[in-house]
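Visitor: My questions will all concern the structure given below.
The values are calculated or read from the model by the stated rules, or taken from the named source; none is laboratory data. On a predicted model such as this, the values are computed, not experimentally measured, just so you know. Here the Cβ positions follow ideal geometry from the backbone for every residue, glycine too, while neighbour counts run over all protein chains shown. Side chains are part of the model used for accessible areas, which takes the heavy atoms of the whole protein and leaves out ligands, DNA and RNA. Shrake-Rupley method; radii C 1.70, N 1.55, O 1.52, S 1.80 Å.
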Amino acid sequence: MHPLVFSRIAIASSAAVGIDATVNALRGRRTGLAPCAFETVRLQTCVGQVPDAHLLPVRADLAEFDCRNNRLAQLGLAQDGFEEAVLEARERYGAARIGVFLGTSTSGIHSTELAYRRRDEGSGALPADFHYGATHNTYSVAWFVQSYLGLCGPSLVVSTACSSSAKVFGTAARMIAAGLCDAAVVGGVDSLCLTTLYGFGSLGLLSAGYCRPFDSGRDGISIGEGAGFILLEKPAPKCALDAVALLGVGESSDAYHMSSPHPDGLGARLAMESALRDAGLAPRAIDYINLHGTGTPANDAMEDKAVVDLFGRETCCSSTKGWTGHTLGACGAIEAIISALAIENDFLPGSVNTSNVDPAMRLRYLLENESASANRVMSNAFGFGGTNCSLVLGRA
Amino acid sequence: MKLKFFVDAAAVLGPGLAGWEAARPILAGSARYVPADLVLPRLEALPAAERRRVGPVVKLSISVGLQALEQAGEACDAVPTVFTSSTGDGDVINEICSMLAGSDRLISPTRFHNSVHNAPSGYWGIATGSHSPSTSLCAFEWSFSAGLLEAATQASTDHESVLLIAYDLPYPEPLRGVRPIRHPFASALLIARARSARSVAACELRNGSAGGPSRMQDGNLERLRRDNPAARSLPLLAALAGVRGTEVLIEGTAGNTLGVSITPC
């Protein structure tokens with residue numbers, strides 16, 4: 001593919017709000033995880049929760065979109081000069097020439113969970129102040145963000161569980177290549193809700209404590225919430241030489257099981273190979289892999305296999321879910337941003353919370369931050385339904 | 001900016017529209033449309049253990065996709081897929097939200113993994129053995145046009161052909177009260193970059209056309225088109241069924257209209 005520049009990024013997660021704070025949290029190895037005290041949830045696990053005090057009601061003219069997920073989206077948009085950069089791009093390209101392609105798994109379903117508690121005792125009807133389309137519906141977050149930014153180009157939500165906001169990069173690249181837009185706001189937003197907490201709990205996939213990717217004692221995921229946005233554009237002649245760009249996207253399907261990954265990492269390998277092909281790079285050109293690394297026994301084992309089969313054992317790898325938790329439909333975008341920060345700041349994040357790397361794992365797993373230039377980075381995102389997506393990022 | 005593609009096959013399942021061959025004269029206007037409850041086909045493609053776990057959403061979406069491929073004589077284990085739906089699986093969402101509103105929150109693991117928007121895509125992989133890319137989209141009322149844009153751009157960039165599957169089913173109460181969809185509907189289009197012997201129509205797509213949307217002449221079909229987001233594909237299906245050269249206008253997001261000009265092959 002033709003490279004697309006990350007001309008602005010914005011991030012809000014439990015680890016930090018904003019780029020500078022995120023870099024500080026990564027360098028200072030400060031996790032955003034804490035024992036779960038979300039809403040009325042009674043589960044023994046940790047979550048990466050963005051403090052409620054940060055989640056302000058959405059802008060008054062968009063009040064019907066008000067829900068935890070869109071509040072989190074709004075918090076993300078307000079960071080790092082992102083809104084201003086989009087408005088400037090809108091001046092340049094026109095509102096109809098900027099697409100909005102976002103990933104989410106549960107959108108504003110927490111609003112529905114709360115509305116079900118207030119069903120009419122007689123009729124069972126949901127309360128009149130519940131706005132289904134603007135909150136619960138999977139499209140809500142892209143509709144909200146597009147309205148918030150005053151854009152009117154193509155827009156959609158990709159909802160493929162935990163690969164959602166990695167796959168939006170593919171959609172944006174195709175839409176731009178096909179000439180349907182000149183730039184795109186891509187990203188992912190997912191927020192804590194009872195459905196995912198109790199759902200992953202029912203599958204026995206929640207860690208009892210802090211998630212420990214690739215640890216011999218790893219026991220599951222810590223669910224997190226977050227928002228990550230990227231303004232993607234074709235490189236302009238004046239574009240800084242060291243700007244981070246999307247170089248390749250690879251997608252595949254496991255065709256194996258709804259909630260377990262292919263044990264040999266077949267789909268993961270296909271996605272990584274396809275991303276390298278798209279970028280025109282050999283495996284040895286990759287300096288660092290930001291793993292999907294959820295901390296479940298099955299994911300980490302299959303990802304280890306797939307990475308070692310393709311890259312060998314020398315490539316530096318880590319999962320950053322120890323900082324943010326598993327942000328599900330937002331992890332693709334959030335980890336693409338962390339990968340971009342690694343490139344810009346010449347450092348590789350070593351895993352937090354993990355202390356003893358599982359001896360059965362063969363890839364080169366970083367436990368400490370390393371100062372090293374990473375010019376080409378791969379970021380992996382895999383999800384339920386056997387959906388896989390790998391991104392290659394690097395200097396444009 | 002125009003995007004060119006070819007339609008190699010179409011399929012439909014809806015009330016009174018029991019497969020492409022049966023629906024074709026109705027959509028072309030040469031047979032009368034008689035609304036009737038849709039009988040969901042058995043999904044033989046899934047292994048028995050998986051078949052027991054899936055509901056109408058998976059059965060409907062996978063069946064309509066397989067019908068389109070069968071018609072084109074295309075193998076199902078390689079073509080990339082684009083699934084698009086506004087509602088996802090309403091029965092599963094309702095059961096989960098009902099459980100979570102009570103004190104016993106032990107939801108079923110199968111129900112939880114079936115609640116993801118990409119459940120039909122996941123089961124499609126299991127049914128067909130395809131490792132090809134598959135995406136699952138949502139754009140509320142405008143999910144069909146979003147899916148068509150994605151499929152058309154895939155065919156013009158990354159893939160030679162792509163299967164678009166649009167589907168929506170009624171929610172149960174109480175969600176039905178806030179999102180009233182009365183009838184299940186699904187359609188599928190096999191879209192190709194290049195013309196081949198099996199191509200049915202050459203299409204040109206433009207985002208940002210004026211006017212629209214196109215409506216169905218038959219009053220009942222027009223009600224169906226408005227009722228179900230996936231049924232916004234009906235005017236396009238009607239043009240393909242009637243082998244008519246025409247332009248179809250479809251509602252898109254942000255007030256945009258998608259114009260599709262159709263020339264029979």
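Visitor: Determine which lysines satisfy two conditions relative to A:Lys305: a Cα distance under 20 Å, and not lying fewer than 8 residues away in the same chain.
Guide: Counting by Cα, and skipping residues close in sequence, A:Lys305 has these lysines nearby: A:Lys321.
Visitor: Please report how far the C-alpha centroid of the range B:124-183 lies from that of the range B:1-73, rounded to the nearest whole angstrom.
Guide: Computed from Cα coordinates, the inter-centre distance equals 13 Å.
Visitor: Also: Find the relative contact order for the range B:162-265 and round it to a whole percent, using C-alpha pairs within less than 8 Å whose residues are 6+ positions apart.
Guide: In percent, rounded to a whole number, it is 30.
Visitor: Rg and Dmax of the protein assembly as shown, using alpha carbons, in Å: what are they?
Guide: Values for the protein assembly as shown (Cα only, Rg and Dmax): 23.1, 72 Å.
Visitor: Here is a further query. As an exercise, use a Förster radius of 41 Å and the Cβ-Cβ distance of B:Gln217 and A:Asp20 to find the FRET efficiency, rounded to the nearest 0.05.
Guide: 0.10
Visitor: Just to confirm a number: summing +1 for Lys and Arg and -1 for Asp and Glu over residues other than A:Leu33 whose beta-carbon lies under 13 angstrom from that of A:Leu33, what do you get?
Guide: The answer is +3.
Visitor: Another one. Let me check against my output: what whole-number percent is the relative contact order of the range A:160-251, with C-alpha pairs under 8 Å and at least 6 apart?
Guide: 32 percent
Visitor: Between helix B:56-72 and chain B, what is the angle of the helix's C-alpha long axis to the longest principal axis, kept within 0 to 90° and rounded to the nearest 10?
Guide: Value to nearest ten degrees: 30.
Visitor: Quick one: grab the alpha carbon gyration tensor of the range B:28-100, order the square roots of its eigenvalues as a ≥ b ≥ c, and give me rounded if a/c is under 1.5, else prolate or oblate depending on whether a/b is larger than b/c.
Guide: oblate
Visitor: Still on this structure, please answer the following. Of the DSSP beta bridges with both residues in the protein assembly as shown, give the percent that are antiparallel, rounding to the nearest 5.
Guide: Just about 70 percent of them are antiparallel.
Visitor: Net charge near A:Pro57, counting Lys/Arg +1 and Asp/Glu -1 over other residues with Cβ under 15 Å of its Cβ?
Guide: -2
Visitor: Something else: Out of all DSSP beta bridges in the range A:103-241, what portion is antiparallel? Express it as a percent rounded to 5.
Guide: In the range A:103-241, DSSP labels about 75 percent of beta bridges as antiparallel.
Visitor: Continuing with this model, one more query. Treating only the Cα positions of the range A:26-106 as identical point scatterers, give the base-10 log of I(q)/I(0) from the Debye formula at each q in 0.11, 0.18, 0.26 Å⁻¹.
Guide: For the requested q values the scattering log ratios are -0.46, -1.01, -1.33.
Visitor: Let me ask you something else. Under the 0.36 nm per residue contour assumption, what length would be gained going from the current alpha-carbon distance of B:Lys2 and B:Arg226 to full extension?
Guide: That works out to 78.0 nm of additional length.
Visitor: Probe radius 1.4 Å, ligands and nucleic acids ignored: give me the carbon and sulfur share of the accessible area of the range B:116-259 as a rounded percent.
Guide: For the range B:116-259, the apolar C and S fraction of the accessible surface comes to 46 percent.
Visitor: Compute the accessible area per residue over the range B:126-265, keeping the other protein chains in place, probe 1.4 Å, unit Å².
Guide: Result: 32 Å² per residue.
Visitor: Can you give the average number of partner chain beta-carbon atoms within 10 Å of each beta-carbon in peptide B:139-149, as a whole number?
Guide: If you average over the peptide's residues, the count of other-chain Cβ atoms is 5.
Visitor: Hydropathy first: keep DSSP H helices in chain A averaging at least -0.5 on Kyte-Doolittle, then drop any whose Cα extent along the axis falls short of 30 Å, and list what survives.
Guide: none
Visitor: Taking Cα pairs under 8 Å and at least six residues apart, what relative contact order does chain B come out at, in percent?
Guide: 27 percent
Visitor: Report the extension gain between A:Gln44 and A:Arg313 in nm, rounded to one decimal, defined as 0.36 nm multiplied by the number of residues separating them, less their alpha carbon distance.
Guide: That pair, A:Gln44 and A:Arg313, stretches by 93.3 nm at full extension.
Visitor: Continuing with the same structure: What whole number of Å gives the distance from the Cα centroid of the range A:83-119 to the Cα centroid of the range A:22-47?
Guide: 25 Å
Visitor: Using amide H atoms built 1.01 Å from N in the peptide plane, name the residues 5+ places from A:Gly99, or on other chains, whose amide H lies under 5 Å from its own.
Guide: The list, which skips near neighbours in sequence, is A:Asp182, A:Ala183, A:Ala184, A:Val185.
Visitor: Here is a follow-up. Just tell me how shielded A:156-167 is by partners: mean number of partner chain Cβ atoms within 10 Å of each residue's Cβ, no decimals.
Guide: Counting Cβ atoms of other protein chains within 10 Å of each residue's Cβ and averaging gives 6.
Visitor: Taking R0 as 41 Å, what's the FRET efficiency between B:Asp37 and B:Val243 from their Cβ-Cβ distance, rounded to 0.05?
Guide: About 0.90, to the nearest 0.05.
Visitor: Let me ask something else about it. Taking all protein chains as present, what is the carbon and sulfur share of the accessible area of the range A:12-158, in % to the nearest whole number, probe 1.4 Å?
Guide: 50 percent
Visitor: Now, a different point. For the range A:66-177, what D do you get in µm² per second when you plug the Kirkwood radius from alpha-carbon pairs into Stokes-Einstein at 20 °C and 1.002 mPa s?
Guide: Estimated diffusion coefficient is 141 µm²/s.
Visitor: Could I ask something else about it? Whole number please: convex hull volume per residue of the Cα set in the range B:1-158, in Å³?
Guide: Per-residue hull volume (Cα only) is 149 Å³.
Visitor: What's the ranking of A:335-348, A:45-58, B:97-110, B:228-241 by average number of surrounding C-beta atoms within 10 Å, highest first?
Guide: Final packing ranking: B:228-241, A:335-348, A:45-58, B:97-110.
Visitor: With both bridge residues required to lie in the range B:75-228, what share of the DSSP beta bridges run antiparallel, to the nearest 5%?
Guide: Close to 50 percent.
Visitor: For peptide B:56-67, what's the mean number of Cβ atoms from other chains within 10 Å of each residue's Cβ?
Guide: If you average over the peptide's residues, the count of other-chain Cβ atoms is 0.
Visitor: What residues does the range A:356-395 have that are buried by at least 20 Å² of accessible area in the full protein assembly compared to the chain on its own, 1.4 angstrom probe?
Guide: Hits at the 20 Å² cut-off: A:Phe384, A:Gly385.
Visitor: What is the calculated FRET efficiency for A:Arg29 to B:Ser108, with r their C-beta to C-beta distance and R₀ = 35 Å, to the nearest 0.05?
Guide: Efficiency at R0 = 35 Å is approximately 0.35.
Visitor: Now for a different question. What Kirkwood hydrodynamic radius, in Å, does the range A:157-223 give when the mean of 1/r is taken over all pairs of distinct Cα atoms and then inverted?
Guide: For the range A:157-223, inverting the mean 1/r across all distinct Cα pairs yields 14.4 Å.
Visitor: Further question on the same structure: With no solvent and one point per C-alpha, what does the Debye sum give as log10 I(q)/I(0) for chain A at q = 0.06, 0.11, 0.13 Å⁻¹?
Guide: Summing over Cα pairs of chain A leads to -0.20, -0.70, -1.00.
Visitor: Leaving out ligands, DNA and RNA, calculate the buried accessible area for the pair B and A with a 1.4 Å probe, summed over both sides, in Å² to the nearest 100.
Guide: So the buried area, both faces added, is about 4700 Å².
Visitor: Continuing with this model, one more query. Under the rule of -39500 (n - 2.57) per DSSP H run of 4 or more residues, summed and divided by the residues of chain A, what mean residue ellipticity at 222 nm is obtained, to the nearest 500 deg cm²/dmol?
Guide: The helix-only estimate for chain A comes to -9000 deg cm²/dmol at 222 nm.
Visitor: If you split all Cα-Cα distances of chain B into 5 Å bins from zero, what percentages do you get per bin, shortest first?
Guide: With 5 Å bins starting at 0, P(r) equals 1, 6, 13, 18, 20, 17, 12, 7, 3, 1, 1, 0, 0.
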